[in-house]
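Student: Provided herewith is a single structure, encoded as structure tokens, for subsequent inquiry.
The values are calculated or read from the model by the stated rules, or taken from the named source; none is laboratory data. Keep in mind that this is a model prediction, so the values were computed, not measured. Every residue, glycine as well, gets a Cβ built from its backbone with ideal geometry; the counts of neighbours run over all protein chains shown. Remember, those area values only see protein heavy atoms, side chains included, never the ligands or the DNA or RNA. Shrake-Rupley method; radii C 1.70, N 1.55, O 1.52, S 1.80 Å.
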Amino acid sequence: MATDAASPARPITVWSQVKTLAASPMAPYYFIAGSVTILVVIGSLMVLSASSVLAQATQDGPYYFAIRQLQFLGAGLVFAIALSRTPPALLRRIGWLVWALAVVLLILVQTPLGVTVNGNTNWLEIGPVQFQPSEFAKLALIVWCGTVFHLKRGRLHEPAQLAVPLVPLGGLILALVLAGRDLGTGLIVGLIMVLILWFIGTSLRVLIPMGAAALGLVVLLVYGSGNRMSRISVFLDPQSNTDLSSQPMAALYALASGGWWGLGLGAGKQKWGGLKDGAHTDFIFAVIGEELGLFGVLLVVGLFALLGWAGLEVAMRSDKMFNRVVAAGITGWFLVQAIINIFVVLHLLPVLGVPLPFISYGGSALMAGLMATGVLMALARDTPSARAYLATRAPRAARPRMTSVMAATKED
């Protein structure tokens, strides 16, 4: 006679818990917030460590750059929180407005209001405020692309609908960035446009000619600049013992000396002159490798990977074309810029002057990145599963109290 036996319970493993967490409706939202928070904390600590030597040498005090970074961080957090609570429908309606604002600011850079720093005219000074419009133009371009493709969502199979107005009007932003001789930012802007086109399903027959034309433009821009040609020469011959080659080699020395756990926070040596004035900006990843070791390097790479997964998950879960395009565009921006920066430090690419998102010193880049994070979090709250979940968690309106009055009836 058969007897009923209770089936053994499946053991709860860490992997099963991770899968359950990743499948939850709000997982992308919390992963985006968590990964960016940790990156910003690491960035603040590393800016303090990497910039103290330069700040002390310029008689501004060892905490000058760190305090300024915290000020930009505070302002960026205000915008990020506000944007994270903004309905995506409102962002979609202002797509053309932010595109026009970005174009106007980039044009002003080419006027006497523009400021040249290290050979690039990409700063704008209005009164006491000095910032880089090209950093905010990245977010404006992505939001505008979302607006355009949302309106064309039923005709995206037509090549003409993909090209117009993206190529002329998106190309205008790219041209204005390149007019300031900022090839690194121009490369990021161009890659953002290509990634958005790829995400919405553009055929390779369209993307390959566009990529070839863009590559040809980059070659012309590099060939026409003596400084850029020197960077290519240094990349091909890193031990040329020139002034330009000293910084890439110092970055490799820093990474090599970090070992597994690093020399300790603040104990790095290359920031004392080897990395010159790039230790807290474009080459801060080398300082991370020297002071925090392979552990710190892998932590940063892992956090960007987590952010990339969460952002793409938002894009895949969304049921609106605007949300999909903007989520994919912002995620692609963060990942491409991080990869380029890390590859430059590892000497896998020539020096391009691209900051590491959320970590490198720079007010405009940090604020633009935090604003984009706020937009991405707003999109994460607007996926179908997230909307349903938030609807169940919303406090119900208090029901009005009902008072019943029973009138006494007169007995016959």
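Student: For region 238-288 and region 125-157, what is the separation of their Cα centres, given in Å?
Tutor: Their Cα centres are 34 Å away from one another.
Student: Using a probe of 1.4 angstrom, how much of the accessible area of the chain is carbon and sulfur, in percent? Numbers along the way, then the final one.
Tutor: On the way: 14520 of 21660 Å².
That fraction is 67 percent.
Student: Helix-derived [θ] at 222 nm for the chain: sum -39500 (n - 2.57) over DSSP H runs of at least 4, divide by residue count, nearest 500?
Tutor: Values: 16 runs with 267 residues, N = 412.
Mean residue ellipticity at 222 nm (helix-derived): -21500 deg cm²/dmol.
Student: Something else about it: Using only alpha carbon pairs under 8 Å that are at least six residues apart, calculate the relative contact order of the chain and give it in whole percent. Numbers along the way, then the final one.
Tutor: Numbers: 547 pairs, mean separation 107.6, N = 412.
After rounding, I find 26 percent.
Student: Just need the relative contact order of region 103-169 here, percent rounded to a whole number, with Cα pairs under 8 Å and 6+ apart.
Tutor: Values: 47 pairs, mean separation 11.4, N = 67.
Across region 103-169, relative contact order equals 17 percent.
Student: Using a simple charge model, +1 on the beta-carbon of Lys and Arg, -1 on the beta-carbon of Asp and Glu, nothing else, what dipole does the chain show about its Cα centre, in debye to the nearest 20? Please list the in-between numbers first.
Tutor: Values: 27 positive and 17 negative charges, 241 e Å.
Dipole size: approximately 1160 debye.
Student: Continuing with this model, one more query. Are there trypsin sites (Lys or Arg not before Pro) in region 69-161 that DSSP puts in a loop and that have at most 12 other Cβ atoms within 10 Å, and which ones? Show your work: numbers first, answer last.
Tutor: Details: sites: 85, 92, 93, 138, 152, 153, 155; in loops: 85, 152, 153, 155.
Loop-located and lightly packed - 85, 155.
Student: Could I ask something else about it? List the extent of the Cα atoms of region 16-86 along each of their three principal axes, largest first, rounded to whole Å.
Tutor: 52, 31, 8
Student: Tell me the angle of helix 321-345 to the major Cα principal axis of the chain, expressed in degrees between 0 and 90 and rounded to the nearest ten.
Tutor: Helix 321-345 and the main axis of the chain meet at about 30 degrees.
Student: Hey, another quick one. Can you list the lysines whose alpha carbon sits under 23 Å from that of residue 320, skipping same-chain ones fewer than 8 residues off?
Tutor: Those lysines meeting the cut-off are 138, 152.
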